[in-house]
Structures are given as C-alpha cells and as structure tokens.
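> Attaching a single structure in structure tokens format; questions to follow.
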Amino acid sequence: MKINYPLIVLVSLVVLLSSGRQSDAKDAIEVFCWNLTPQVKAVLSGLERVLEQTLPVADAAGNYDRGEVLLKELAQKQPRLIIVLGTQALSLTAPKIKKGLVVFAMVADPYHTGAAYNKDHPDDHQGNIIGIASPPPLEEAIQKAGQFFPAKRHWGLLYDPAEGPSVELKQNFAALAQAAGLKLTALAAGSGSEATAALKELSQKGIQVIFMPPDQFSKNYAQHLMALGLERRFVVVNGNPRLDRRGAVLSVTLNYEAIGEQAAQLVQRVLNGEKPGAIPIIQASPAQVEVDESLLTDWAGYPPGKN
C-alpha cells in the first residue's frame with residue numbers, strides 16, 4: 001500500500017491548528033458590555049493593566065437584541081471566563097450563561113439583575129457568577145463637601161419617582177445625610193420642566209448645597225443646575241460622571257480604573273481555582289474626587305466681604 005505522506009502531514013497540520021484554536025478559545029477571557037462608554041473604557045484599562053493582556057470586547061451598543069446575539073456567540077465560543085460590565089449587561093447574562101465562569105463589575109445593585117438574590121446575604125448568588133457591587137460613593141461626597149463647606153448644612157436633591165434607581169438613590173442619600181447631621185430637602189420631578197420648577201423651589205427654601213446624582217434623570221436638568229452653580233446660587237456637588245461638571249465645585253464619582261483593577265484581581269482568584277459560588281459579592285466604591293479650584297476660590301469670598 002502506498003502511503004501519501006504529504007496528505008498525512010497536511011491533515012495533521014489542520015488538526016493541530018483546529019485544536020489550537022479550540023484551546024485558545026477555552027483559555028480566553030472575553031468582555032461583554034452594555035455600552036462602550038468612557039467609564040467602561042476606564043474599567044477596561046484597569047483590567048488590562050492587572051491582567052497584563054488586551055481583552056476583546058463584545059459591545060451591545062445599548063441594544064437588547066444585539067446583546068442577546070452577542071451572548072449567544074460568546075456561549076458558543078465557550079471562553080474560559082466572561083467579564084460582564086454594566087447592570088443591563090449582567091441582567092442579560094444571568095439567565096443566559098448558567099455554566100461558564102462570569103465576573104461582573106460596574107453594577108451598583110446586582111440584586112436586581114437576577115445574578116444575586118439577597119442584599120443582606122452577599123454569599124447568596126448564582127453559582128457561576130461573582131463580582132463587585134459598586135454603588136455611587138455618596139458618603140464620600142457628603143464628607144468632602146463638609147470639609148470645604150462645614151457651615152452649609154441644608155442640602156437639596158431632585159429625583160424621578162418613576163425611576164426605581166433614582167428613588168433608591170434618594171433613600172440612600174437621605175439616610176446618609178441624616179447620619180451626617182444634615183438637613184435634606186428632596187423634591188420629586190418627572191420632566192425637565194418639573195425639574196426647573198423644583199430648582200426654583202429649592203432656591204426659595206434656602207437650600208445651600210445641591211447634589212447631582214448619577215441617575216438617568218439628572219441629564220434633564222444638569223445644564224440648568226450647573227449654570228446656577230457658576231452663578232453661585234448653590235454649591236453644586238456632582239456625582240454623575242457622564243455629565244459636564246463645569247459649575248460644580250466638587251465632583252465625587254466612582255474611580256472606574258480602580259474598579260477595573262479590583263475586578264481583575266477577582267478574575268485572577270477565579271482562574272486560580274476559587275469557585276465563584278464560594279465567594280460573597282464584594283462591595284467597593286472607590287471614589288475619584290475633583291475640585292474646581294477657581295470656583296472654590298470664588299466661593300471663599302462670596303458673598304463679598306465674607307470669608
């Protein structure tokens with residue numbers, strides 16, 4: 001029998017290349033995000049710095065149907081681990097990925113996503129999923145503002161009563177303000193015009209400091225509030241990293257690169273053999289504080305003649 005050695009070599013090479021691709025896929029770390037925002041890019045920077053590798057990103061571009069397609073493709077690739085960034089992305093992932101390893105970040109409250117079940121029991125979560133809960137650093141915002149403006153004790157806040165996260169943030173902020181000995185006036189508003197009227201009402205009530213929360217509704221009145229901040233009608237403390245902060249004396253937001261670094265450390269733990277189900281959900285809200293020195297200087301001499 002004549003042996004066709006070139007054919008055998010060719011077939012062997014194809015098999016080796018195919019198995020190599022499968023091995024690479026199973027060893028790979030993939031990232032799934034809801035939207036590739038600057039904040040997501042900052043988290044990716046932290047992840048890649050600690051993991052010392054470039055991570056491929058599947059971006060749902062804020063589209064639910066696209067997200068489902070991308071998740072299906074990721075499931076077929078069977079990577080070693082999927083990093084999920086964003087609340088909406090985690091809500092999509094939890095019911096779809098039941099076996100593969102998943103580490104999440106950029107999620108304020110994972111207990112509303114289906115991935116985790118009880119805020120009082122961070123160890124109670126889907127067995128293949130673990131991650132970092134990172135609510136906004138509200139306490140840090142109150143503390144930093146108190147350092148610069150200790151005499152200004154009357155705070156204001158707007159929230160959307162129809163937006164669950166906005167209501168929850170208001171409740172959390174109210175509890176922290178009370179613990180800090182502050183007076184808080186929180187007004188509900190459901191539209192831009194209602195927010196404008198609410199800001200006028202806050203002014204009439206003698207509010208000294210207004211906090212801009214990192215909810216979706218704040219974009220409806222941010223420009224107007226920041227203009228009032230530049231006019232020094234209010235001390236504005238910005239907590240929303242997605243909005244222009246000009247007009248805010250302080251900006252206290254999440255440090256997204258630090259969140260990425262912490263998520264990467266969690267990824268390493270899982271890849272080194274720790275079971276996600278045995279690790280409680282980690283809560284971490286590293287803060288990034290920025291001060292508008294020019295506006296702070298203006299406030300130091302406002303009203304005129306007062307220090």
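> May I ask you to list pairs of residues, at least six apart or on different chains, whose Cβ atoms are under 8 Å apart, with the first in region 261-286 being within 21 Å of residue 30 (Cβ to Cβ) and touching a residue at least 60 places away in the same chain (Cβ under 8 Å) and the second being assigned to a helix (DSSP H, G or I) and of a type in the set (Lys, Arg)?
261/49; 264/49; 279/269
> Which of the numbered conditions does residue 158 fail, given that it passes all the others? Conditions: (1) over 14 Å from the mean Cα position of the chain (by Cα); (2) assigned to a loop (DSSP other than H, G, I, E, B).
(2)
> Among the numbered conditions (1) touching a Gly at 6+ places or on another chain (Cβ under 8 Å); (2) within 22 Å of residue 65 (Cα to Cα), tell me where residue 125 comes up short.
The one condition residue 125 does not meet is (2).
> Which ones in region 223-244 are surrounded by 22 or more Cβ atoms within 10 Å (Cβ to Cβ) and without any contact (Cβ under 8 Å) to a residue 60 or more places away in the chain? Lay out the reasoning, then the answer.
Here is the first cut: in region 223-244, the ones surrounded by 22 or more Cβ atoms within 10 Å (Cβ to Cβ) are 225, 229, 234-239.
Within region 223-244, 225, 236, 238 qualify.
> Looking only at region 250-272, which residues are more than 22 Å from the chain's Cα centre (by Cα) and either at pLDDT below 95 or surrounded by 23 or more Cβ atoms within 10 Å (Cβ to Cβ) (or both)?
If we filter region 250-272 for residues that are more than 22 Å from the chain's Cα centre (by Cα), which is where we start, we get 271-272.
Hits for region 250-272: nothing passes.
The values are calculated or read from the model by the stated rules, or taken from the named source; none is laboratory data. Since the model is a prediction, treat every value here as computed from it, not as a measurement. Glycine also receives a Cβ, built like all others from the backbone with ideal geometry; neighbour counts cover every protein chain displayed.
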